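Heads up: the structure comes next, in structure tokens.
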Amino acid sequence: MGTRRPLIALLILAAMFAAASPAAADRVYFASNGISFVGLDGSGGGQLNTAGASTAGPAGMAIDPAAGKIYWASGAGAQSRISVANLDGSGGMDLPITGAPLDNPYGVALDLDAGRIYWANYQGTATERIGFAKLDGSGGGFLNTTGATASNPTGVALDPDVGRIYWSNENGKVSYANLDGSGGADLNTTGATTGGIHAEGVAIDRAGGRIYWVTYGIAIPYPGYLSYARLDGSGGADVSTTIANGAFPWGVALDPGANRAYWANNTHGLGTPSISFTGLDGGSIHDLDLDGAPSQSARLPTLLEAPLGTGAPKVTAQIALRPRFLTCDEGTWAADMPEALLYRAPHSFSYRWLKDGQPIPGATHSNIGVEGTGGGDYVCEVTATNAGGSTTQTSRAQFVCCRQVPQTIAKAARIVWVKRGRARVRLGCPSGGTNCTGKVFLFSFIHRKGGMVAAAQAPIGREGFSITSGKRGVVAVRLERLAKTRLRNSPHHRFRARLTGTGVEPRAVLLKLAKQRRKQR
């Protein structure tokens, strides 16, 4: 937005945090006989329109919510594809993958900063198991996985902050490779159930220092597990051993903030597929309502949530030029967590301005003109939206003092007596004109070397007035608590203030306690 000059004494430039309110349902997307989704609030779901893209046995997804797109892998052998579709349901396409091995891809991960998409090749040679391609179609290759197990890898999770990609293996091991091509290693999973079972998909809770995966046994009754290993190499444990026998859990996604792990239950035709969740440290298992969402062979879930606000919008002002205006930034928002398969970046922003609690008609842009308007409290609301919903963050009310408009101006006495917390401002309205009406605002001064300078801070009091032409009147201005405290603590029980407003001549005044007046008498 650029640097703006501060408004001295007349404008408050303080942007404060406000509660962020989400609207609409967060979602979990999962592979079935297409790309399905379901609301995390139990509202049911549906199936995404992927017209123009391949959906033959999709396996694994990654989302770019800021661009409104979802990517997935599908197919086997010569029919293997990496595809993309628009989250708004307007269809999709297959990506042009050149120079990269692609054989039964099972799980994808996006590195948007590097402009790459990664996947695990379930088939292929031992050195061509983790492939990548440039999103602009200019080529690709495969990662060096030396030191890591790449035995029918299933599901990938990218942690760009540490420069690694993780995956599970059909033999139960969990491994990683460095994105710089320097090889990788297997994680220490001691304490977690891994023997004789299939590991299906991984997701990382970076703050908790854990990587999670789901597994299922290869012999009747096909028990299912949710397990984790510590990223520091100190082993792991099973979170839940109560996944129903024969559920065949495939793929896991995490919401660390909500303390939840989600997974898909494939069932392999032995039951009804489902999407389940539990706490990251265990607890009861719950199923989502899949009403309206095709769930045949459900597998490899990915989370899309409404934007998460982390800092309210800030308001800056331009008053040195005409016309005067206020500008509102977007605020700050939580980043995607690709390592957890959790996506929430905003796709778009909208704005709304309010003055004194009431919406300003037509004020739906990031800036608003305040030329010629009366003083008041302005609020900026910013709503961030993606396919998972909308969230609004609101700035604290910002006081803007008015610009003087032609009218009969009242003049104030220089001494203001304060009694019972009210500053009694004596005003005189000139004769021969219209009545004097407007608002009085009192601002405190701050002391700096070389003299007193008006501080850009909230008024210590404000009050409206109406005085007949040629008459005098007293306006009782209720002082803020801070002002009353400062007055009591000021030398000789007085301090200087700046009087300004509408319909009144700006000037410096001296506030004194009324009891001082009695003593003087």
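The values are calculated or read from the model by the stated rules, or taken from the named source; none is laboratory data. Just so we're clear, the structure is a prediction, and the values are computed from it rather than from any experiment. With ideal geometry, Cβ positions are generated from the backbone for all residues, glycine too; neighbour counts draw on all protein chains shown. Ligands, DNA and RNA are excluded from the accessible area calculation, which covers all protein heavy atoms including side chains. Shrake-Rupley method; radii C 1.70, N 1.55, O 1.52, S 1.80 Å.
Assorted remarks:
- Number of the exception - residue 50 against (1) over 24 Å from residue 166 (Cα atoms); (2) in contact (Cβ under 8 Å) with a residue 40 or more places away in the chain; (3) open to solvent by 60 Å² or more (accessible area, probe 1.4 Å): (3)
- Segment 430-444, residues that are over 38 Å from the mean Cα position of the chain (by Cα) and either over 14 Å from residue 505 (Cα atoms) or open to solvent by 40 Å² or more (accessible area, probe 1.4 Å) (or both): 430, 431, 432, 433, 434, 435, 437, 439
- In a residue-by-residue description of segment 80-102, the property of being open to solvent by less than 50 Å² (accessible area, probe 1.4 Å), farther than 28 Å from residue 172 by Cβ and acidic (Asp, Glu) applies to at least one position.
- Residue list for segment 187-204, filter: in contact with a Phe, Trp or Tyr (Cβ under 8 Å, 6 or more places away or on another chain) and either within 30 Å of residue 141 (Cβ to Cβ) or part of a loop (DSSP other than H, G, I, E, B) (or both): 187, 192, 193, 198, 199, 200, 201, 202, 203, 204
- Selection within segment 237-273 - among the hydrophobic types (A, V, I, L, M, F, W, C), touching a helix residue (DSSP H, G or I) at 6+ places or on another chain (Cβ under 8 Å) and either surrounded by fewer than 18 Cβ atoms within 10 Å (Cβ to Cβ) or over 22 Å from residue 27 (Cβ atoms) (or both): 248
- Which listed residue, of 99, 155, is over 21 Å from residue 337 (Cα atoms) and in contact with a strand residue (DSSP E or B) (Cβ under 9 Å, 6 or more places away or on another chain): 99
- Within segment 376-398, residues that are open to solvent by 10 Å² or more (accessible area, probe 1.4 Å) have Cβ atoms under 6 Å from residues that are acidic (Asp, Glu) and in a strand (DSSP E or B) in these pairs: 392/381; 394/381; 397/377, counting only partners at least 6 apart in sequence or on another chain.
- Of the strands (runs of 3 or more DSSP E) lying entirely inside segment 85-151, not one is found with 3 or more residues being free of Cβ contacts under 8 Å to residues at least 12 places away in the same chain and either on the phi > 0 side of the Ramachandran plot or of a type outside the set (A, V, I, L, M, F, W, C) (or both).
- Taken over segment 427-458, the criterion of being over 19 Å from residue 483 (Cα atoms) and modelled with pLDDT of 80 or more is satisfied by 427, 428, 429, 430, 431, 434, 435, 436, 437, 438.
- Flag if residue 281 is under 27 Å from the mean Cα position of the chain (by Cα), farther than 28 Å from residue 159 by Cβ and surrounded by fewer than 23 Cβ atoms within 10 Å (Cβ to Cβ): no
- Of all the numbered requirements in (1) part of a loop (DSSP other than H, G, I, E, B); (2) more than 29 Å from residue 334 (Cβ to Cβ), residue 283 misses one, and that requirement is (2).
- Which listed residue, of 301, 294, 307, is farther than 27 Å from residue 55 by Cβ, in contact with a strand residue (DSSP E or B) (Cβ under 6 Å, 6 or more places away or on another chain) and not acidic (Asp, Glu): 307
- The condition of being crowded, with 23+ Cβ neighbours inside 10 Å and either more than 18 Å from residue 201 (Cβ to Cβ) or within 34 Å of the chain's Cα centre (by Cα) (or both) holds for only one of 125, 154, that being 154.
- Of all residues making up segment 58-73, the number that are part of a loop (DSSP other than H, G, I, E, B) and free of Cβ contacts under 8 Å to residues at least 24 places away in the same chain: 0
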